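The structure appears right after this line, and notes come after that.
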Amino acid sequence: MGKQSLLGVLSLLLVILIGVGLGGQAQTLDLNLTASLAFGPSGYSSAGSNFKATASTTLAQTDLALTLVFTPGSGFAQGSFSASRVIEQAKVFSLTAFGPSGFSSETLSVNHTIKPFKLSASATFTPAGFASATLEGSAKTKDGASLSSSLTLTPAGFAKKVFTVQAALDDLSLTRTTVLTPKGLASDSLTLSAQLGQVNFARTTVYTAAGFSTDSFALSTTVNDINVSSTTTFDATGFAEQQVALAGQAGSLQFESSTNFDPSGLAGSELSLSGAAGAAHFKSVTQFDPSGLVSEQLSLKGMIDRLQLEAQGKFSSSGFTGGNLTIATSFKGIKLGGK
C-alpha cells in the first residue's frame, strides 16, 4: 500500500468520525499514534516495523474506537473497531477485526453483576461462522467462600469446563479447581494456603486422568524489606524442580532474582533490575544457564515534549540480536464540531 492508500484510509477514518460528530452534539476525539521501528544485527528491519493509529470517541453513551495498523512492506496490515456501552448495569462490548482481504473476526461479550453473582458471556465469529463461545459465572459469600464456573463451546459442541470452589477461614484457605474436556478429566488441583506467623505457605496437588501429576510446596516471607520465596515441585518420579526468588528495592533501584534447580543441579537463573535514570526509566533482564550468559534484554523509556520514546535491545553471548524503537504521541479532546 502506497502513501495515497494510507492517506485514503486515514481520511476515511476522519470522515466517519467527523460525520458522527456533525450528526449530533459536539464530539471530541482522542487520537493515539505509535511508530515501532525494528532493528536486527545488520540494521533497520522493515519486517518487524509498523505504524498504528487509534481514534476513540464517545457517542450516545457508547465508547467507540478504531485502530489501524500499517507495515512498510505491505501497507495496511490489520485493523479493529470496538464499541462498548453499559445497558441496564450490563456492559456490552463488541470487537470487529479486519485485514487487507476484509472481515476476519467478530467478538461479542456481555458482563453483568447481580449480587452476589457475576455473569459473563462471549462469542467469536469468523468468515466461516461461529467459532467459539464462553459462559462464565461466579459468586462470593460474606464468609469468604466462592464458586466459579466457565463453559467453552465450539462448533463441535462442549470443549472445556472449569469449576472452582474456594473456602477461607481466618488465615487458612482451600481451593479446588477441576477442568473437564470431552475426553473426561483433564486436571484436578487442590491448593491449601495458610499464613504461619510471618511465613506464607501453600501446597498444590494436581491430578490428571492418569492419576497423580505434581505436588508443589511454596514458602514466602519478608526479611529486611526483601521478599524471599521458594517453590519446590515433585512429580511421580520424585523431585522435579525448585525455584528460589528474591525481590526488593535499594534506593530507587528495584531488583528481582530467581534461581532454578532440577534433578541434575543448577538449571538457570535470572536477574532483573529497574529504576530511574534521570527523567527516563530503565529495565534490564539477564538470563544465565550453567554455561554462562544466555540473553540480556535492555529497555529505556522516557518523554521528550509530547513524544513517548521506548528503546529495547536483546543480546546473546554472541552480541546484539535485535531490538526496536517505539515512538508514541497522543492528541486528546480534538473537537469535531456539532450543533
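The values are calculated or read from the model by the stated rules, or taken from the named source; none is laboratory data. Bear in mind the structure is a predicted one, so any value in this text is a computation, not a measurement. So basically every Cβ, Gly included, is an ideal-geometry build from the backbone, and we count neighbours across all protein chains shown.
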Residue within the range 279-291 that is modelled with pLDDT of 95 or more and β-branched (Val, Ile, Thr) present: yes
May I ask you to list the residues in the range 176-209 that are closer than 26 Å to ALA133 by Cα and free of Cβ contacts under 8 Å to residues at least 24 places away in the same chain? ARG176, THR177, THR178, VAL179, LEU180, THR181, ASP188, SER189, THR208
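Could you tell me which of the residues LEU271, LEU196 is surrounded by fewer than 16 Cβ atoms within 10 Å (Cβ to Cβ) and either among the hydrophobic types (A, V, I, L, M, F, W, C) or farther than 29 Å from THR164 by Cβ (or both)?
Numbers: LEU271 fails: surrounded by fewer than 16 Cβ atoms within 10 Å (Cβ to Cβ).
When all the criteria are applied, what remains is LEU196.
Is at least one residue of the range 243-258 farther than 30 Å from ALA311 by Cα, of a type outside the set (D, E, K, R) and out of contact with any Pro (no Cβ under 9 Å at 6 or more places or on another chain)? Can you show your working first?
Step one: list which residues in the range 243-258 are farther than 30 Å from ALA311 by Cα, which gives 243-244.
With of a type outside the set (D, E, K, R) added as a condition, the list becomes 243-244.
Those left that are additionally out of contact with any Pro (no Cβ under 9 Å at 6 or more places or on another chain): 243-244.
Looking through the range 243-258, at least one residue is farther than 30 Å from ALA311 by Cα, of a type outside the set (D, E, K, R) and out of contact with any Pro (no Cβ under 9 Å at 6 or more places or on another chain).
Specify which of the listed residues (LEU17, LEU37, LEU68) is at pLDDT below 95 and out of contact with any Pro (no Cβ under 8 Å at 6 or more places or on another chain).
LEU17
Out of the range 183-219, which residues are of a type in the set (Lys, Arg) and part of a strand (DSSP E or B)?
Initially, the range 183-219 is screened for residues of a type in the set (Lys, Arg), giving 183, 203.
The one that is of a type in the set (Lys, Arg) and part of a strand (DSSP E or B): ARG203.
Looking at the structure I just gave you, is SER291 farther than 22 Å from SER46 by Cα, surrounded by fewer than 15 Cβ atoms within 10 Å (Cβ to Cβ) and among the polar types (S, T, N, Q)?
Details: farther than 22 Å from SER46 by Cα: yes; surrounded by fewer than 15 Cβ atoms within 10 Å (Cβ to Cβ): yes; among the polar types (S, T, N, Q): yes.
In short, yes.
Looking at the range 169-182, which of its residues are surrounded by fewer than 16 Cβ atoms within 10 Å (Cβ to Cβ) and either at pLDDT 95 or above or assigned to a strand (DSSP E or B) (or both)?
Filtering the range 169-182 down to residues surrounded by fewer than 16 Cβ atoms within 10 Å (Cβ to Cβ) leaves 169-172, 174, 176, 181-182.
Hits for the range 169-182 are LEU169, LEU172, LEU174, ARG176, THR181, PRO182.
Every residue, every condition in (1) at pLDDT 95 or above; (2) touching a strand residue (DSSP E or B) at 6+ places or on another chain (Cβ under 6 Å), yes or no:
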site: LYS52; (1), (2): yes, yes
site: PHE76; (1), (2): no, yes
site: ILE87; (1), (2): no, no
site: PRO100; (1), (2): no, yes
site: SER146; (1), (2): yes, yes
Looking only at the range 53-91, filter to residues that are under 19 Å from SER122 (Cα atoms) and in a loop (DSSP other than H, G, I, E, B); which one of those is nearest to the chain's Cα centre (by Cα)? GLN89
Specify which of the listed residues (SER264, SER257) is at pLDDT 95 or above, surrounded by 15 or more Cβ atoms within 10 Å (Cβ to Cβ), of a type in the set (Gly, Ala, Ser) and farther than 30 Å from TYR44 by Cβ. SER257
